[in-house]
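*Asks:* What follows is a structure written as structure tokens; I'll ask about it next.
A short reminder: the numbers here are calculations on the coordinates, not readings from a lab. These figures come from a predicted structure and were not determined experimentally. Cβ placement follows ideal geometry from the backbone for every residue including glycine, while neighbour counts extend to all protein chains displayed.
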Amino acid sequence: MKKLKLGLPKGSLQENTFELFRKAGFKIRAEDRAYKPWCDDEELDITLVRAQEIPSYVEKGVFDCGITGRDWILEMNANVHEVAELLYAKSGFRPVRWVVAVPEDSPIRTIRQLRGKRIATELAGYVRRYFKSQRIPVDVEFSWGATEVKVPELVDAIVELTETGRSLRANKLKIIHELLVSTTRVIANRDAWKDPCKREKMDNIVLLLQGALQAEGMVGLKMNIRADALSRIEHVLPALKKPTISHLSDPKWVALEVILEEKQVKRIIPSLKKAGATGIIEYPLTKVVY
């Protein structure tokens, strides 16, 4: 098939996106200031652009598919097919929020009190539509950055992206309303999605990416156990799916393998040892596909 034209986000999300692809089995390398990275998958033609631009390029067919935030899909009002949700962001594996914030000492407590006020944001199109839907007339201006410093001298409030809220608190701002919760999405051009070969390639990429995300924070455990001690092991692993059990050459012993959250290991391994498990091996996971 022709190469699949894939748009990936350049900037704050780039490093985590490359790392996710690496765990999914794709090696991607980009020189500084380069927009056409190398990839070991010859069926991919990758271009790096700002996440804000990807929905429009996918809609127009410049890219067959791309990775961007739900917020930018809504901002651009893009007519694209959403293939999948990928729960990761620039600083972790959580959704991001667009919130309305005002100075800590502002008398404004609700968005209704913003009637007739000025708001600065990078998400200007969506914010205008949102306040219009709430029947609250406001003056929304586009912000090129450093939005936090514009209140109260330049604007009365801001709509800003936050993951933890630390930056807002550091700038002595308080959140009064949440407009939007956004996660990373894989999107496709609608014509490209109708192409069986391109669609299969997109589905395969998503399968591997989601498998890599499923493996985050998970590990595998292998161990040998006397067959008559299995009931005790079941009490150690009560909340997990049924482990894989294999018979050994000695009929008195079996091998057990299970996947669990890494944070549980420090508690479970000592308990497994006390219950009779031996030869316990912990190993990392790169992908978990259900």
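*Asks:* Stokes-Einstein at 10 °C, 1.306 mPa s, Kirkwood radius from Cα pairs: D for the range 182-266 in µm² s⁻¹?
*Replies:* After rounding, the answer is 97 µm²/s.
*Asks:* Semi-axes of the range 218-284's equivalent ellipsoid from the Cα gyration tensor, sqrt of 5 times each eigenvalue, largest first, rounded to whole Å?
*Replies:* Over the Cα atoms of the range 218-284, the ellipsoid semi-axes are 18, 12, 11 Å.
*Asks:* While we're here: Could you work out how far helix 124-133 tilts from the main Cα principal axis of the chain, as a 0 to 90 degree angle to the nearest 10?
*Replies:* Taking Cα atoms only, the helix is inclined about 80 degrees.
*Asks:* Can you give me the Cα centroid spacing of the range 154-229 and the range 32-102 in angstrom?
*Replies:* Going from one Cα centre to the other spans 12 Å.
*Asks:* Let me ask something else. With r defined as the distance between the Cβ atoms of D228 and N204 and R0 fixed at 41 Å, what FRET efficiency is calculated, to the nearest 0.05?
*Replies:* Efficiency at R0 = 41 Å is approximately 0.35.
*Asks:* So which trypsin sites (Lys or Arg not before Pro) in the range 107-140 are both in a DSSP loop and have at most 12 other Cβ atoms within 10 Å of their Cβ?
*Replies:* Qualifying residues, ordered by number: R109, R115, R135.
*Asks:* Report the trypsin sites (Lys or Arg not before Pro) located in the range 187-290 that are in a DSSP loop and have at most 10 other Cβ atoms inside 10 Å of their Cβ, or state none.
*Replies:* Sparse-neighbourhood loop trypsin sites (Lys or Arg not before Pro): K241, K252.
*Asks:* Related question: Please compute the Kirkwood hydrodynamic radius over the range 82-187, one decimal place, Å, based on all pairs of different Cα atoms.
*Replies:* Kirkwood hydrodynamic radius for the range 82-187: 14.3 Å.
*Asks:* Continuing with the same structure: In µm²/s, what is D for the range 6-79 at 4 °C and 1.567 mPa s, where D = kT/(6 pi eta Rh) by Stokes-Einstein and Rh is the Kirkwood radius from Cα pairs?
*Replies:* My calculation gives 103 µm²/s for D.
*Asks:* Continuing with the same structure: Assuming R0 = 30 Å, what is the FRET efficiency of K242 and T164, from their Cβ-Cβ distance, to the nearest 0.05?
*Replies:* 0.20
*Asks:* Among the GluC sites (Glu not before Pro) within the range 1-105, which fall in a DSSP loop and have no more than 13 other Cβ atoms within 10 Å of their own Cβ?
*Replies:* Sparse-neighbourhood loop GluC sites (Glu not before Pro): E31, E42, E104.
*Asks:* Relative to the compact globular guide of 2.2 N^0.38 Å, what is the alpha carbon radius of gyration of the range 48-123, as a ratio?
*Replies:* That ratio works out to 1.42.
*Asks:* Taking 0.36 nm per residue of sequence separation and subtracting the Cα-Cα distance, how much length would be gained by fully extending the chain between D45 and A124, in nm to one decimal?
*Replies:* Stretched out fully, the D45 to A124 stretch lengthens by 25.3 nm.
*Asks:* To continue, here is another question. How far is it, in nm, from the label point at I175 to the one at D32 when both lie 7 Å from their Cα along the line to the Cβ?
*Replies:* It works out to 3.5 nm between the two label points.
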